[in-house]
Amino acid sequence: MNSIPAIEQSAGRGAARAAARRTNRKVGGYDRRPHFLNYVLLGIVVLIGILPIYYTLVIGSSDPVAIAQKALPQVFPDASLFDNFKRVIDADAFSFWKAVWNSVVIAVVVSASTVLFSTLAGFAFAKLRFPGRRGLLVFVIATMAIPTQLGVVPMYIIMTKLGWIGHLQSIIVPALVGAFGVFWMTQYLEEALPYELIEAARVDGASMFRTFWSIALPAARPAAAMLALFTFVAQWVNFFWPSIVLNSQNPTLPLAIRLLQQNYFVDYSLIMAGVFLMTLPLLVLFAFAGRQLVAGIMAGAVKG
(Lines give C-alpha, C1' and ligand atoms only; values in the text may rest on other atoms or scores of the structure.)
Protein backbone atom coordinates (compact mmCIF):
# COMPACT_ATOMS: atom_id res chain seq x y z
CA MET A 1 0.00 0.00 0.00
CA ASN A 2 2.87 2.34 0.77
CA SER A 3 4.13 1.94 -2.76
CA ILE A 4 0.94 3.35 -4.34
CA PRO A 5 1.72 7.04 -3.66
CA ALA A 6 5.22 6.52 -5.04
CA ILE A 7 3.78 4.90 -8.17
CA GLU A 8 1.25 7.70 -8.56
CA GLN A 9 3.99 10.27 -8.06
CA SER A 10 6.19 8.55 -10.61
CA ALA A 11 3.28 8.29 -13.01
CA GLY A 12 2.58 11.97 -12.48
CA ARG A 13 6.16 12.85 -13.33
CA GLY A 14 5.99 10.66 -16.41
CA ALA A 15 2.76 12.29 -17.54
CA ALA A 16 4.30 15.70 -16.97
CA ARG A 17 7.32 14.78 -19.07
CA ALA A 18 5.07 13.45 -21.83
CA ALA A 19 3.01 16.63 -21.75
CA ALA A 20 6.20 18.70 -21.92
CA ARG A 21 7.36 16.71 -24.94
CA ARG A 22 4.04 17.27 -26.66
CA THR A 23 4.26 20.97 -25.90
CA ASN A 24 7.82 21.19 -27.23
CA ARG A 25 6.75 19.53 -30.45
CA LYS A 26 4.23 22.29 -31.03
CA VAL A 27 5.94 25.50 -32.04
CA GLY A 28 4.15 28.41 -33.67
CA GLY A 29 0.80 26.64 -33.61
CA TYR A 30 1.72 23.46 -35.48
CA ASP A 31 2.99 20.02 -34.56
CA ARG A 32 6.63 19.43 -35.44
CA ARG A 33 6.27 15.65 -35.47
CA PRO A 34 6.74 14.22 -38.96
CA HIS A 35 3.44 12.81 -40.19
CA PHE A 36 2.95 9.94 -42.59
CA LEU A 37 1.97 12.39 -45.32
CA ASN A 38 5.32 14.15 -44.97
CA TYR A 39 7.17 10.91 -45.63
CA VAL A 40 4.93 10.18 -48.62
CA LEU A 41 5.59 13.60 -50.13
CA LEU A 42 9.33 13.33 -49.49
CA GLY A 43 9.32 9.87 -51.05
CA ILE A 44 7.61 11.22 -54.17
CA VAL A 45 10.13 14.06 -54.43
CA VAL A 46 13.05 11.64 -54.05
CA LEU A 47 11.54 9.32 -56.64
CA ILE A 48 11.12 12.17 -59.12
CA GLY A 49 14.76 13.11 -58.58
CA ILE A 50 16.11 9.57 -58.91
CA LEU A 51 13.97 8.46 -61.86
CA PRO A 52 15.90 10.42 -64.56
CA ILE A 53 19.21 9.04 -63.27
CA TYR A 54 17.80 5.52 -63.23
CA TYR A 55 16.44 5.90 -66.76
CA THR A 56 19.79 7.26 -67.96
CA LEU A 57 21.61 4.23 -66.54
CA VAL A 58 19.10 1.79 -68.05
CA ILE A 59 19.25 3.34 -71.52
CA GLY A 60 23.03 3.69 -71.24
CA SER A 61 23.37 -0.07 -70.75
CA SER A 62 20.81 -1.13 -73.38
CA ASP A 63 21.16 -2.22 -76.98
CA PRO A 64 20.26 0.45 -79.58
CA VAL A 65 17.88 -1.97 -81.32
CA ALA A 66 16.07 -2.69 -78.03
CA ILE A 67 15.80 1.04 -77.34
CA ALA A 68 14.10 1.53 -80.71
CA GLN A 69 11.57 -1.18 -79.87
CA LYS A 70 10.69 -0.28 -76.25
CA ALA A 71 10.85 2.84 -74.10
CA LEU A 72 12.26 0.77 -71.20
CA PRO A 73 14.27 -2.09 -72.71
CA GLN A 74 15.25 -3.56 -69.33
CA VAL A 75 14.62 -3.03 -65.65
CA PHE A 76 18.17 -2.85 -64.30
CA PRO A 77 21.45 -1.61 -65.81
CA ASP A 78 23.96 -4.29 -66.75
CA ALA A 79 27.70 -4.54 -67.35
CA SER A 80 27.45 -3.15 -70.89
CA LEU A 81 27.11 0.28 -69.26
CA PHE A 82 30.85 0.24 -68.51
CA ASP A 83 31.57 -0.75 -72.11
CA ASN A 84 29.64 2.32 -73.23
CA PHE A 85 31.57 4.44 -70.74
CA LYS A 86 34.78 3.24 -72.39
CA ARG A 87 33.38 3.96 -75.85
CA VAL A 88 32.58 7.53 -74.80
CA ILE A 89 36.04 8.08 -73.32
CA ASP A 90 37.75 6.58 -76.39
CA ALA A 91 35.54 8.35 -78.94
CA ASP A 92 37.29 9.52 -82.11
CA ALA A 93 35.08 12.60 -82.60
CA PHE A 94 36.66 14.47 -79.67
CA SER A 95 39.11 14.23 -76.78
CA PHE A 96 37.04 13.31 -73.73
CA TRP A 97 39.59 14.41 -71.14
CA LYS A 98 40.14 17.71 -72.92
CA ALA A 99 36.38 18.29 -72.82
CA VAL A 100 36.38 17.51 -69.08
CA TRP A 101 39.27 19.91 -68.49
CA ASN A 102 37.58 22.68 -70.48
CA SER A 103 34.35 22.27 -68.52
CA VAL A 104 36.20 22.31 -65.19
CA VAL A 105 38.18 25.44 -66.09
CA ILE A 106 35.11 27.32 -67.29
CA ALA A 107 32.90 26.30 -64.35
CA VAL A 108 35.53 27.04 -61.67
CA VAL A 109 36.75 30.36 -63.08
CA VAL A 110 33.25 31.68 -63.82
CA SER A 111 31.95 30.58 -60.40
CA ALA A 112 34.82 32.24 -58.55
CA SER A 113 34.61 35.48 -60.54
CA THR A 114 30.82 35.63 -60.26
CA VAL A 115 30.94 35.24 -56.49
CA LEU A 116 33.71 37.83 -56.07
CA PHE A 117 32.32 40.52 -58.36
CA SER A 118 28.71 39.94 -57.34
CA THR A 119 29.62 40.25 -53.66
CA LEU A 120 31.58 43.44 -54.35
CA ALA A 121 28.70 44.94 -56.28
CA GLY A 122 26.15 43.69 -53.75
CA PHE A 123 28.11 45.28 -50.91
CA ALA A 124 28.25 48.59 -52.77
CA PHE A 125 24.55 48.58 -53.63
CA ALA A 126 23.44 47.41 -50.19
CA LYS A 127 25.64 49.41 -47.83
CA LEU A 128 27.27 52.31 -49.66
CA ARG A 129 25.50 55.55 -50.42
CA PHE A 130 26.43 57.15 -53.75
CA PRO A 131 24.52 59.18 -56.35
CA GLY A 132 22.46 57.10 -58.75
CA ARG A 133 22.69 53.95 -56.65
CA ARG A 134 19.01 53.03 -56.89
CA GLY A 135 18.77 53.83 -60.58
CA LEU A 136 21.84 51.76 -61.39
CA LEU A 137 20.53 48.83 -59.38
CA VAL A 138 17.19 49.00 -61.20
CA PHE A 139 19.07 49.02 -64.52
CA VAL A 140 21.09 45.95 -63.52
CA ILE A 141 17.94 44.10 -62.47
CA ALA A 142 16.15 45.14 -65.67
CA THR A 143 18.83 43.49 -67.80
CA MET A 144 17.63 40.11 -66.50
CA ALA A 145 14.46 40.61 -68.55
CA ILE A 146 16.44 40.81 -71.82
CA PRO A 147 16.54 37.43 -73.63
CA THR A 148 20.02 35.98 -74.03
CA GLN A 149 19.39 35.37 -77.72
CA LEU A 150 19.27 39.12 -78.44
CA GLY A 151 22.94 39.47 -77.58
CA VAL A 152 24.21 36.49 -79.56
CA VAL A 153 25.03 38.28 -82.82
CA PRO A 154 26.73 41.35 -81.26
CA MET A 155 28.65 39.11 -78.87
CA TYR A 156 29.75 36.82 -81.68
CA ILE A 157 31.00 39.80 -83.70
CA ILE A 158 33.01 41.01 -80.70
CA MET A 159 34.49 37.55 -80.11
CA THR A 160 35.43 37.31 -83.81
CA LYS A 161 37.19 40.69 -83.80
CA LEU A 162 39.09 39.70 -80.65
CA GLY A 163 40.12 36.40 -82.25
CA TRP A 164 38.58 34.39 -79.42
CA ILE A 165 36.37 32.07 -81.49
CA GLY A 166 37.29 28.49 -80.62
CA HIS A 167 38.96 29.50 -77.34
CA LEU A 168 37.73 29.26 -73.75
CA GLN A 169 37.94 32.99 -73.09
CA SER A 170 34.96 33.45 -75.40
CA ILE A 171 32.94 31.56 -72.77
CA ILE A 172 34.63 32.84 -69.61
CA VAL A 173 34.87 36.60 -70.17
CA PRO A 174 31.18 37.27 -71.01
CA ALA A 175 30.16 35.28 -67.91
CA LEU A 176 32.55 36.81 -65.36
CA VAL A 177 29.63 38.50 -63.60
CA GLY A 178 25.88 38.43 -64.06
CA ALA A 179 22.89 40.55 -63.09
CA PHE A 180 21.30 37.75 -61.09
CA GLY A 181 24.39 37.36 -58.89
CA VAL A 182 24.49 41.09 -58.18
CA PHE A 183 20.79 41.13 -57.30
CA TRP A 184 21.15 38.00 -55.14
CA MET A 185 24.05 39.35 -53.09
CA THR A 186 22.50 42.81 -52.78
CA GLN A 187 19.31 41.40 -51.32
CA TYR A 188 21.20 39.17 -48.91
CA LEU A 189 23.62 41.81 -47.64
CA GLU A 190 20.77 44.27 -47.11
CA GLU A 191 19.51 42.02 -44.30
CA ALA A 192 22.56 40.05 -43.14
CA LEU A 193 25.07 42.87 -42.68
CA PRO A 194 24.18 45.54 -40.07
CA TYR A 195 25.41 49.08 -40.65
CA GLU A 196 26.78 49.08 -37.11
CA LEU A 197 29.49 46.57 -38.06
CA ILE A 198 30.61 48.69 -40.99
CA GLU A 199 30.64 51.85 -38.89
CA ALA A 200 32.62 50.10 -36.15
CA ALA A 201 35.20 48.92 -38.68
CA ARG A 202 35.51 52.41 -40.14
CA VAL A 203 35.93 53.92 -36.67
CA ASP A 204 38.72 51.42 -35.99
CA GLY A 205 40.53 52.71 -39.08
CA ALA A 206 39.77 49.89 -41.50
CA SER A 207 39.78 50.79 -45.18
CA MET A 208 36.73 50.12 -47.31
CA PHE A 209 38.42 47.12 -48.92
CA ARG A 210 39.44 45.77 -45.50
CA THR A 211 35.86 46.24 -44.30
CA PHE A 212 34.58 44.31 -47.29
CA TRP A 213 37.16 41.53 -46.97
CA SER A 214 36.95 41.05 -43.20
CA ILE A 215 33.27 41.78 -42.51
CA ALA A 216 31.09 41.74 -45.62
CA LEU A 217 32.60 38.68 -47.28
CA PRO A 218 32.31 36.40 -44.21
CA ALA A 219 28.75 37.64 -43.62
CA ALA A 220 27.88 36.82 -47.23
CA ARG A 221 29.29 33.29 -47.09
CA PRO A 222 25.95 31.41 -47.10
CA ALA A 223 24.59 33.31 -50.09
CA ALA A 224 27.97 33.15 -51.82
CA ALA A 225 28.04 29.36 -51.43
CA MET A 226 24.62 29.04 -53.04
CA LEU A 227 25.56 31.42 -55.85
CA ALA A 228 28.79 29.51 -56.50
CA LEU A 229 26.94 26.20 -56.66
CA PHE A 230 24.23 27.52 -58.97
CA THR A 231 26.80 29.14 -61.25
CA PHE A 232 28.97 26.02 -61.36
CA VAL A 233 26.04 23.83 -62.37
CA ALA A 234 24.83 26.35 -64.96
CA GLN A 235 28.26 26.56 -66.60
CA TRP A 236 28.85 22.81 -66.39
CA VAL A 237 25.72 22.04 -68.43
CA ASN A 238 25.85 25.16 -70.62
CA PHE A 239 25.31 24.26 -74.26
CA PHE A 240 23.85 27.21 -76.17
CA TRP A 241 26.70 29.74 -76.24
CA PRO A 242 29.57 27.18 -76.32
CA SER A 243 27.92 25.51 -79.33
CA ILE A 244 28.26 28.83 -81.18
CA VAL A 245 31.82 29.85 -80.33
CA LEU A 246 33.61 26.51 -79.72
CA ASN A 247 34.37 23.66 -82.11
CA SER A 248 34.98 19.91 -82.04
CA GLN A 249 38.71 20.42 -81.46
CA ASN A 250 38.12 22.34 -78.23
CA PRO A 251 34.71 21.30 -76.83
CA THR A 252 33.11 21.27 -73.43
CA LEU A 253 31.33 18.15 -72.15
CA PRO A 254 27.84 19.07 -73.43
CA LEU A 255 29.30 19.73 -76.89
CA ALA A 256 31.27 16.49 -76.74
CA ILE A 257 28.10 14.52 -76.03
CA ARG A 258 26.43 16.25 -78.98
CA LEU A 259 29.31 15.05 -81.17
CA LEU A 260 28.42 11.45 -80.29
CA GLN A 261 25.33 11.80 -82.48
CA GLN A 262 26.04 10.60 -86.00
CA ASN A 263 24.48 11.98 -89.17
CA TYR A 264 22.08 9.12 -89.94
CA PHE A 265 22.02 7.13 -86.72
CA VAL A 266 21.60 8.11 -83.08
CA ASP A 267 23.07 5.65 -80.57
CA TYR A 268 21.06 6.60 -77.50
CA SER A 269 22.89 4.10 -75.31
CA LEU A 270 26.18 5.87 -76.06
CA ILE A 271 24.67 9.32 -75.57
CA MET A 272 23.06 8.35 -72.25
CA ALA A 273 26.33 6.88 -71.05
CA GLY A 274 27.97 10.20 -71.86
CA VAL A 275 25.18 12.10 -70.10
CA PHE A 276 25.73 10.07 -66.94
CA LEU A 277 29.48 10.68 -67.06
CA MET A 278 28.76 14.40 -67.35
CA THR A 279 26.24 14.29 -64.48
CA LEU A 280 28.41 12.20 -62.14
CA PRO A 281 30.64 15.11 -60.95
CA LEU A 282 27.52 17.13 -60.09
CA LEU A 283 26.12 14.23 -58.05
CA VAL A 284 29.42 13.96 -56.17
CA LEU A 285 29.49 17.73 -55.63
CA PHE A 286 25.98 17.78 -54.15
CA ALA A 287 26.73 14.71 -52.03
CA PHE A 288 29.76 16.35 -50.40
CA ALA A 289 28.59 19.97 -50.34
CA GLY A 290 24.90 19.40 -49.62
CA ARG A 291 25.14 19.46 -45.84
CA GLN A 292 27.39 22.52 -45.80
CA LEU A 293 25.06 24.24 -48.24
CA VAL A 294 21.98 23.56 -46.12
CA ALA A 295 23.85 24.70 -43.01
CA GLY A 296 24.80 27.89 -44.83
CA ILE A 297 21.23 28.50 -45.91
CA MET A 298 19.96 28.02 -42.35
CA ALA A 299 22.67 30.29 -40.96
CA GLY A 300 21.70 32.93 -43.48
CA ALA A 301 18.04 32.58 -42.58
CA VAL A 302 18.83 33.08 -38.89
CA LYS A 303 20.99 36.09 -39.71
CA GLY A 304 18.36 37.65 -41.94
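Among the conditions (1) surrounded by fewer than 19 Cβ atoms within 10 Å (Cβ to Cβ); (2) touching a helix residue (DSSP H, G or I) at 6+ places or on another chain (Cβ under 8 Å); (3) part of a helix (DSSP H, G or I), residue 206 misses just one, which is (3). Restricting attention to the range 125-156, and to residues there that are outside any helix (DSSP H, G or I) and among the aliphatic types (A, V, I, L, M), which single residue is nearest to the chain's Cα centre (by Cα)? For the range 125-156, the residue satisfying everything is 146. Within the range 48-75, being among the hydrophobic types (A, V, I, L, M, F, W, C) and either under 28 Å from the mean Cα position of the chain (by Cα) or not in a helix (DSSP H, G or I) (or both) holds for 48, 50, 51, 53, 57, 58, 59, 71, 72, 75. Taking residue 160 as the residue in question, decide whether it is in a helix (DSSP H, G or I) and under 27 Å from residue 221 (Cα atoms). When the stated conditions are applied, residue 160 does not pass them.
Residues checked against (1) within 12 Å of residue 126 (Cα to Cα); (2) touching a residue at least 40 places away in the same chain (Cβ under 8 Å):
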position: 171; (1), (2): no, yes
position: 175; (1), (2): no, yes
position: 184; (1), (2): yes, yes
position: 189; (1), (2): yes, yes
position: 210; (1), (2): no, no
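Within the range 245-290, the set of residues being crowded, with 19+ Cβ neighbours inside 10 Å and of a type outside the set (A, V, I, L, M, F, W, C) comprises 251, 252, 254, 269, 274. When the range 139-168 is filtered for residues that are in contact with a Phe, Trp or Tyr (Cβ under 8 Å, 6 or more places away or on another chain), loosely packed, with under 12 Cβ neighbours inside 10 Å and within 21 Å of residue 106 (Cα to Cα), only 148 remains.
Scanning the range 103-124 for residues that are crowded, with 20+ Cβ neighbours inside 10 Å and hydroxyl-bearing (Ser, Thr, Tyr), we see that the one that is nearest to the chain's Cα centre (by Cα) is 111. Residue 103 falls short on exactly one of the conditions (1) modelled with pLDDT under 90; (2) part of a helix (DSSP H, G or I); (3) of a type in the set (Gly, Ala, Ser), and that condition is (1).
None of 78, 92, 83 is of a type in the set (Asp, Glu), over 21 Å from residue 254 (Cβ atoms) and part of a loop (DSSP other than H, G, I, E, B) except 78.
The values are calculated or read from the model by the stated rules, or taken from the named source; none is laboratory data. What you see is a predicted model; the values in this text were computed from it and never measured. When we count neighbours, we look across all protein chains shown, and the Cβ atoms used for this are built from the backbone with ideal geometry, even at glycine.
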